[in-house]
Amino acid sequence: MFGYVFQEIYGFKKKHFEALFRSKKSDSFDAMMLESIDIKDQLDALLIAAKRGGILNSNIHFNIKPSISIIELIDLSLICSRHNFPQEHLILEFVECGLTSLAILNYARDLGFPVALDDFGRGFSIDNLYSQFSYDYIKLDKVFLKSDIQRSIIESIVKNINETYPNTQLIFEGVESKFDFDFVNSLNVIGVQGFYLSKPKYLKEAA
């Protein structure tokens, strides 16, 4: 019914992969299907695929709907334990910081999960970040690669984030060309993700 493709994120000493939900019928993202599946069943399927593909020793980024509850976070922790997968290796990616409460973010971290802000730049700015919470990762959206104006904006944003949140690691998404890659490499970011480096793919069974 559904599965996961994995896209590597480059630039870290320990390998990072983002797990991306796919409908097996259409082999594409299906938002309605995703919303109909319990989040613990999503993670269970993800970790089964990761184990089969031999990447359980890597860090895996898992996209979280903004309305996740404390009970659901506990469920995710239990699923990790069942698969002997350390919580600190599952990076929970939250979209749009304003839709996720500070209490939820803090509870996720208390359970041992690193916390990432996904799609930064798509509809909100650094002013929307919680001043009381420092994300472990912020993923910069590909919108910043679309024009010279956007590229000039992101240079100052990266500098501002690095100065304000020195413990936050930045990842640039949507790098689709050598031009994008060279520009991103000129910035002070840690991780790089995009089609130029690797496409999302189903994992083959490890030997």
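The values are calculated or read from the model by the stated rules, or taken from the named source; none is laboratory data. Everything numeric here is computed off the predicted structure, so don't read it as measured data. Ideal geometry is used to build each Cβ from the backbone, glycine not excepted, and the neighbour counts take in all protein chains shown. To get the accessible areas, we keep the full protein, side chains included, count just its heavy atoms, and leave off ligands, DNA and RNA. Shrake-Rupley method; radii C 1.70, N 1.55, O 1.52, S 1.80 Å.
Odds and ends about this structure:
- Residues of the range 55-99 that turn out to be among the small types (Gly, Ala, Ser), closer than 27 Å to residue 13 by Cβ and either open to solvent by less than 10 Å² (accessible area, probe 1.4 Å) or in contact (Cβ under 8 Å) with a residue 24 or more places away in the chain (or both), as a count: 2
- Of the listed requirements (1) open to solvent by less than 20 Å² (accessible area, probe 1.4 Å); (2) of a type in the set (A, V, I, L, M, F, W, C); (3) modelled with pLDDT of 90 or more, residue 189 misses just one: (1).
- Residue that is over 23 Å from residue 95 (Cβ atoms), in contact with a strand residue (DSSP E or B) (Cβ under 9 Å, 6 or more places away or on another chain) and modelled with pLDDT of 90 or more, where the choices are 181, 144: 181
- Candidate set from the range 131-170 (those that are outside any helix (DSSP H, G or I) and more than 22 Å from residue 115 (Cβ to Cβ)); member that is most open to solvent (accessible area, probe 1.4 Å): 146
- Take the conditions (1) within 30 Å of residue 56 (Cα to Cα); (2) at pLDDT below 95; (3) surrounded by fewer than 18 Cβ atoms within 10 Å (Cβ to Cβ); (4) of a type in the set (S, T, N, Q); residue 198 misses just one of them, which is (2).
- Scanning the range 1-54 for residues that are of a type in the set (A, V, I, L, M, F, W, C), part of a helix (DSSP H, G or I) and surrounded by 12 or more Cβ atoms within 10 Å (Cβ to Cβ) yields 33, 34, 39, 43, 45, 46, 47, 48, 49, 50.
Yes/no per residue for (1) out of contact with any Ser or Thr (no Cβ under 9 Å at 6 or more places or on another chain); (2) farther than 28 Å from residue 176 by Cα:
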{"position": "110", "(1), (2)": "yes, yes"}
{"position": "118", "(1), (2)": "yes, no"}
{"position": "121", "(1), (2)": "yes, no"}
{"position": "135", "(1), (2)": "no, no"}
{"position": "141", "(1), (2)": "yes, no"}
{"position": "145", "(1), (2)": "no, no"}
{"position": "149", "(1), (2)": "yes, no"}
{"position": "152", "(1), (2)": "yes, no"}
{"position": "160", "(1), (2)": "yes, no"}
